[in-house]
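This report concerns only the one structure given below.
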Amino acid sequence: MILKDAIQKLGYKNSLETAKDLANEMGLDWDGCVSFIFKIIATDPERIPGKIGSKADNEVSVIRKWLKRYQSGMTSRASRRTSNPPGTVADPIIEVIVGARLTNLDTKDLEKITYAHRLGMSAENILGLMLEEYLAENLKELGWHCAWGETVKSVDFVKEDGSLLQIKNRSNSENSSSSSVRNGTKIEKWYRIKADRIEYMWDALNKICGTSNLSEKAFVKFVNKTLKRNPQCLAVEKDNPWEQQ
């Protein structure tokens, strides 16, 4: 049984009661956040991301799977996660290509370029998590809750009044599906920075969320604080040329 069928079979009220009992069993604060997220998919099953559930699942087990996805996303947020270094090795031909174009670079220079590129990719891999957690910390008091673990299709934050918000880091990473309207509710869209120039869009998000506290300066402060407290959030290869511990 897939989650969509389970919710339709149970109905809205029984689905919520089942999810509440399971959340309490799993140690999730039902009233604190997850209830608002689950209500969105219980109201509109088309908001369920992907295909959650299998032939072996029943109504209870498939709802538990959704809750586990939420719980996993929350517990692996940037401030708590230990990221893994790249699972692949660098292709030696990359240094050959760069060295053939920039002939003044020596072997050590080319090695640093390789490691810097891989380190930059690792940083990009956690950027979205950083942004999500920064917003989760600052928007909760305004009634916005994070849909941890991509538990609502095309939606990253849900407000207690049912409003929906999708966030992206850059303007060129928008998802067109975010413009869809379900049950009369349009998903608000926001991205942090323009893709073709350094222009931040925090004022637009402040307007959407009814605050004035969100800013690039505050986000940078959050990133520095998070990495200071949890340096393992950013994976650094052991053999890097900067001897990073």
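The values are calculated or read from the model by the stated rules, or taken from the named source; none is laboratory data. On a predicted model such as this, the values are computed, not experimentally measured, just so you know. Heads up, the Cβs are rebuilt from the backbone with ideal geometry, glycines too, and the neighbour counts pull from every protein chain shown.
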Tally of residues being within 26 Å of VAL220 (Cβ to Cβ), touching a residue at least 24 places away in the same chain (Cβ under 8 Å) and outside any loop (DSSP other than H, G, I, E, B) across region 130-154: 15
Complete set of residues in region 193-245 that are in contact (Cβ under 8 Å) with a residue 24 or more places away in the chain and at positive phi: GLY210
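Residue by residue, here is whether (1) among the charged types (D, E, K, R); (2) crowded, with 18+ Cβ neighbours inside 10 Å; (3) closer than 26 Å to VAL236 by Cα holds:
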| residue | (1), (2), (3) |
| --- | --- |
| ILE37 | no, yes, no |
| SER54 | no, no, no |
| ARG80 | yes, no, yes |
| ASN104 | no, no, no |
| LEU129 | no, yes, yes |
Extreme residue, surrounded by the fewest Cβ atoms within 10 Å (Cβ to Cβ), among residues of region 13-31 that are touching a residue at least 40 places away in the same chain (Cβ under 8 Å) and assigned to a helix (DSSP H, G or I): MET26
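Residues are listed down the side, and each one gets a yes or a no for (1) more than 24 Å from ILE113 (Cβ to Cβ); (2) at pLDDT below 95; (3) surrounded by fewer than 16 Cβ atoms within 10 Å (Cβ to Cβ); (4) among the charged types (D, E, K, R):
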| position | (1), (2), (3), (4) |
| --- | --- |
| PHE222 | yes, no, no, no |
| LYS225 | yes, no, yes, yes |
| LYS228 | yes, no, yes, yes |
| ASP239 | no, yes, yes, yes |
| GLN244 | no, yes, yes, no |
